[in-house]
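One structure is given below, encoded as structure tokens.
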Amino acid sequence: MRLFKKSKAKPLAKAGDVASLISLATGSNSPSDRADALNALAGFDEAAAGPHYDDVLRTVRSAARDPSADVRTQGLFALSQLRPPDAADELLAAVDDGDWGARLFAVILLANFPEARPTARLIAVLESEENGMVREAAASALGDLGDPAAVEPLRRAAAEDPEREVRKAAGGAVKRLESSG
């Protein structure tokens, strides 16, 4: 008995078969197979995808709104790697996802998009998100972004958040921000 299933996407990615990866990601395959295909598509930028690049972007944008949380998170990851002009908008929208794991993923990825000016949205997450892991990620992302507007909300979270890990992340973010400014 196999403990791990064999990836359908891996040989397609290795062969550079973008069209088949798109079919795997968009077909009636299992969410796991679709997520694997999206993960592989993240490695096909415009040069690597060639004439299929627009289809790759359409596929990952659609995946970011898929009913499956696993597919959505891999769609978000692919968008963050491919960085089309609207990638940050998709990530900002995903901060409101119904699945805490997808929200967590979006918050973590937003730290790589300072040009999107996500500070205000991440502060709102830090102050109102019900899931502590997502608040912790927001605190860390705010520290990584380096925006001084986050210092006071992070200080409050470091002193008042009910979860120790969030307080710790917020305190570390404040230190990073104060040492860089």
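The values are calculated or read from the model by the stated rules, or taken from the named source; none is laboratory data. On a predicted model such as this, the values are computed, not experimentally measured, just so you know. We place every Cβ from the backbone using ideal geometry, glycine too, and count neighbours over all the protein chains shown.
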Practice problem: Only residues in region 40-55 that are assigned by TED's automatic domain parsing to the domain that holds Thr26 and over 14 Å from Ala15 (Cβ atoms) count as the first member; pair them with residues that are part of a helix (DSSP H, G or I) and acidic (Asp, Glu), Cβ under 7 angstrom, at least 6 apart or cross-chain, and list the lot. | Solution: Tyr53/Glu46
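Matching residues to (1) out of contact with any Ser or Thr (no Cβ under 9 Å at 6 or more places or on another chain); (2) over 28 Å from Asn131 (Cβ atoms); (3) among the small types (Gly, Ala, Ser):
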residue	(1), (2), (3)
Lys14	yes, yes, no
Ser28	yes, yes, yes
Asp36	no, no, no
His52	yes, yes, no
Asp66	yes, no, no
Ala69	yes, no, yes
Practice problem: Return yes when Leu104 is surrounded by 17 or more Cβ atoms within 10 Å (Cβ to Cβ), at pLDDT 95 or above, in the same structural domain as Arg117 (by TED's automatic domain parsing) and under 27 Å from Val166 (Cβ atoms) and no when it is not. | Solution: yes
Quiz prompt | Residue list for region 162-173, restricted to those being under 13 Å from Ala137 (Cβ atoms) and surrounded by 14 or more Cβ atoms within 10 Å (Cβ to Cβ) | solution = Glu163, Val166, Lys168, Ala169, Ala170, Gly172, Ala173
Exercise. Would you point out which residue out of Arg58, Arg65 is farther than 27 Å from Lys6 by Cβ, in the same structural domain as Asp17 (by TED's automatic domain parsing) and assigned to a loop (DSSP other than H, G, I, E, B)?
Key: Arg65
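The rows are residues; the columns are (1) modelled with pLDDT under 95; (2) part of a helix (DSSP H, G or I).
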{"site": "Phe4", "(1), (2)": "yes, no"}
{"site": "Ala13", "(1), (2)": "yes, yes"}
{"site": "Ala19", "(1), (2)": "no, yes"}
{"site": "Ser28", "(1), (2)": "yes, no"}
{"site": "Phe44", "(1), (2)": "no, no"}
{"site": "Asp54", "(1), (2)": "no, yes"}
{"site": "Ala78", "(1), (2)": "no, yes"}
Quiz prompt | Checklist (1) assigned by TED's automatic domain parsing to the domain that holds Arg58; (2) touching a residue at least 40 places away in the same chain (Cβ under 8 Å); (3) of a type outside the set (S, T, N, Q) applied to Ala170, failing item | solution = (1)
Practice problem: Name the single residue, out of those in region 31-64 being surrounded by 15 or more Cβ atoms within 10 Å (Cβ to Cβ) and of a type in the set (Lys, Arg), that is farthest from the chain's Cα centre (by Cα). | Solution: Arg34
Quiz item: Mind checking which residues of region 87-118 are part of a loop (DSSP other than H, G, I, E, B) and either free of Cβ contacts under 8 Å to residues at least 24 places away in the same chain or among the basic types (Lys, Arg) (or both)?
Solution: Asp96, Gly98, Arg117
Self-check item: Residue in region 12-30 that is within 30 Å of Arg121 (Cβ to Cβ), surrounded by fewer than 21 Cβ atoms within 10 Å (Cβ to Cβ), out of contact with any strand residue (DSSP E or B) (no Cβ under 8 Å at 6 or more places or on another chain) and touching a residue at least 12 places away in the same chain (Cβ under 8 Å) present
Solution: yes
